[in-house]
Amino acid sequence: MKTFNRGVKAAIMHVLDQEGLNILWNVDAFEEKINSYSLDYYEECYEMTKAVKSGLFDTLILNRHIPIRDHVDMLCDFLEIEVNEALFMLGLSWDIVNEIDWDIEILNLDEAMKNAREHEKIRDLHVAALAYYDGVGVPQDYETAYHLFEELEYMGDDEAYYYLGMMNEEGNGVEMDREKAIHYYRLGANLNENECFYALGKVYLEDGHVEEAMNQLVESEDPRSYGLLGTIYEDQNNFVEAYQHYHKGAREYDALSLYRLGRLYQEGLGVEQDLSETIKYYSYAYYLGHQEAMLALAHMYALGEGVEVNAKFAHDLYEQYHESVGNEYENL
């Protein structure tokens, strides 16, 4: 299986800086400009040109909270491509969308929010809250988003509990308050909100309360829950259960599950050793920006484990890993 190189992202960002964001809606111009980098990234440039043609950037800008599985299925069906291609396009496009300040304005937003309040249109107000939370169509404003989610909680929007909890936990729009975050997560979990089960399980796990964490995670259908459950079973040396949960998460393209499943195939733990499966799952996790998968892939390409030795690609992966770790520290 071909592992595409996310290093082409720098070339795309350079094109956008030089030509402006409108080039993403001019396929011919984008293809001409990006092809100047095709000597190093021929296949990657071709894949990203297809992403532009498909309207993927439009979809991601306006629908940031659609599950990854839905995006991948859409790309596979619409473009008649394999998962490997779809996940590469999606992961890279997602990074680009999140790094750019989009000059998009939601017209008549104040009027729409007033109408939503007067007629208790929960979904419309929820969309407005997400717009402020993501900074799409309006300048990013966590404080306004937080107040809108508080309104939504009062109006009976169960999904608001997850965002209220997360914003308290991370200190976005409100002072950091972990106990208040847990309070909101519990309220949402009592209403069977999958994301709240996941968030509560994650908090319990961080605090070392493994049994309580498992009780929450098993109730959740949030794909991230499968990855966390798998790590718990793996820590207990129950590799069969770990494999089963990672496999469930991998079907939904949860990055942690993909990486950990690749590791089990690499070590032959709970499943027969299969380095081709290792490369596949590491690649999928790498496309989604998983740092450990990036590093593990670099080792495999450097040593020729399950693939032909590719020193240049291994070097690129090592550089991308160190850059991502460095950026993480800069944001602390």
I'd like the full set of residues that are closer than 26 Å to Asp207 by Cα and either open to solvent by 30 Å² or more (accessible area, probe 1.4 Å) or in contact with a Pro (Cβ under 8 Å, 6 or more places away or on another chain) (or both), limited to region 248-275. Lys248, Gly249, Asp254, Leu256, Ser257, Arg260, Arg263
For residues that are under 14 Å from Ala250 (Cβ atoms) and either in contact (Cβ under 8 Å) with a residue 60 or more places away in the chain or not aromatic (Phe, Trp, Tyr) (or both), tally how many sit in region 221-233. 8
In region 114-137, anything open to solvent by 80 Å² or more (accessible area, probe 1.4 Å) and either at pLDDT 90 or above or aromatic (Phe, Trp, Tyr) (or both) is listed as none
I need every pair where a residue in region 31-58 that is touching a residue at least 40 places away in the same chain (Cβ under 8 Å) and part of a helix (DSSP H, G or I) has its Cβ under 9 Å from the Cβ of a residue that is of a type in the set (Phe, Trp, Tyr) and open to solvent by 30 Å² or more (accessible area, probe 1.4 Å), sequence separation at least 6 or different chains. Glu44/Tyr37; Met48/Tyr41; Phe57/Trp25
Filter result for Arg224 (at pLDDT 95 or above and either more than 26 Å from Tyr146 (Cα to Cα) or in contact with a strand residue (DSSP E or B) (Cβ under 8 Å, 6 or more places away or on another chain) (or both)): no
Find the residue count for region 68-82, including only residues that are within 21 Å of Glu221 (Cβ to Cβ) and open to solvent by 20 Å² or more (accessible area, probe 1.4 Å). 5
Do the conditions hold for Ala242, that is, is it in contact with an Asp or Glu (Cβ under 9 Å, 6 or more places away or on another chain), crowded, with 16+ Cβ neighbours inside 10 Å and aliphatic (A, V, I, L, M)? yes
Please go through region 194-220 and pick out each residue that is in contact (Cβ under 8 Å) with a residue 24 or more places away in the chain, small (Gly, Ala, Ser) and either assigned to a loop (DSSP other than H, G, I, E, B) or farther than 11 Å from Ile182 by Cβ (or both). Gly201, Ser220
Would you tally the residues in region 6-23 being open to solvent by less than 30 Å² (accessible area, probe 1.4 Å), part of a helix (DSSP H, G or I) and under 22 Å from Asn84 (Cα atoms)? 3
Would you check if Ile96 is in contact (Cβ under 8 Å) with a residue 40 or more places away in the chain, within 23 Å of Gly137 (Cα to Cα) and under 20 Å from the mean Cα position of the chain (by Cα)? yes
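The values are calculated or read from the model by the stated rules, or taken from the named source; none is laboratory data. Because the structure is predicted, anything quoted here is derived from the model rather than measured. Cβ coordinates were reconstructed from backbone atoms using ideal geometry, including for glycine residues, and neighbour counts include every protein chain displayed. The protein model used for the area step is the full one, side chains on, heavy atoms only, and it has no ligands, DNA or RNA in it. Shrake-Rupley method; radii C 1.70, N 1.55, O 1.52, S 1.80 Å.
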